[in-house]
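First comes the structure, then the notes that go with it.
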Amino acid sequence: MHPIPRPSYAQRWKVGFGLNMVVMAVSFGLYYLGFFGRVDGPLSMPNIGRALAEMGFTVNSFQAMLVILFIVSLTWNWVLNIIAHLTGQRLTCTKGSPQEGFCGELVQRRRDESGRSWTYTCPQGHRRTDAHFHPIRKGKLANSLLMASLAAALMFYLA
């Protein structure tokens, strides 16, 4: 298997330049739609406020929505991890040692003969009473949404 060649400096520069142009185009579009407040457009704050008021949003309901968004973005992976752990998903075999390496195959969870504890069996045939759980972790997008919703909720609360 051949290693994947690293892009040259010129290729990296072209990709960076292209991404800058995309960001600039999106920024110009948002500017002319009124998002930054200098131009009167559909995304200007008074027009957004008017549209939300017509839909029945109040200041309190908007604050509640921001707090709920914050709580959901804070806890979604905890809930998914609890569900995955309780249903026996995302578990791998622990046969081996740190020096020689672990098996690491996905395991099937079944009740043992007594019916009180679990037995984990991997495709290699290893039967163990323990398995390693691989939790779902938040990515950059989830953490960014978490911080943005927290900042917005605090701004609306303190204003």
For the chain, the per residue accessible area (1.4 Å probe, Å²) is 79 Å²
Taking the convex hull of Cα positions in the chain, its mean projected area over all directions (nm²): 18.0 nm²
Solvent accessible area, Å² - Cys103, 1.4 Å probe, full protein context: 40 Å²
Unit-weight point scatterers at every alpha-carbon of the stretch 81-159, Debye formula, q = 0.13, 0.23, 0.25 1/Å: log10 I(q)/I(0) is -0.57, -1.04, -1.12
Mind jotting down the three principal axis lengths of the stretch 41-88 based on Cα atoms? Whole angstrom, largest first. 51, 22, 15
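Sort largest first and round to whole Å: the equivalent ellipsoid semi-axes of the stretch 5-58, each the square root of five times a Cα gyration tensor eigenvalue. Intermediate values should be presented prior to the final figure.
On the way: eigenvalues 296, 30, 6 Å².
In descending order, the three semi-axes are 38, 12, 5 Å.
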Keeping all protein chains in position, work out how much accessible area Met45 exposes to a 1.4 Å probe, and write it in Å² to the nearest 10. 120 Å²
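Please state the relative contact order of the stretch 1-109 as a whole percent: Cα pairs under 8 Å, 6+ residues apart? Please list the in-between numbers first.
Details: 54 pairs, mean separation 9.6, N = 109.
Computed value for the stretch 1-109: 9 percent relative contact order.
Roll a 1.4 angstrom probe over the protein heavy atoms and tell me the percent of accessible area of the chain that is carbon or sulfur. Could you put the intermediate results ahead of the total?
Numbers: 8200 of 12490 Å².
Here it works out to 66 percent.
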Sort 3-11, 105-113 by the packing proxy (mean of other Cβ within 10 Å over each peptide's residues), most packed first. 105-113, 3-11
When N is the residue count of the stretch 62-118, what does its C-alpha Rg come to as a fraction of 2.2 N^0.38 Å? 1.77
The long-range amide H neighbours of Thr119, using H built 1.01 Å from N in the peptide plane and a cut-off of under 5 Å, are Arg110, Arg111, Asp112
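The values are calculated or read from the model by the stated rules, or taken from the named source; none is laboratory data. The structure displayed is predicted, hence computed values, not measured ones. So basically every Cβ, Gly included, is an ideal-geometry build from the backbone, and we count neighbours across all protein chains shown. Only protein heavy atoms, including side chains, enter the accessible area calculation; ligands, DNA and RNA are left aside. Shrake-Rupley method; radii C 1.70, N 1.55, O 1.52, S 1.80 Å.
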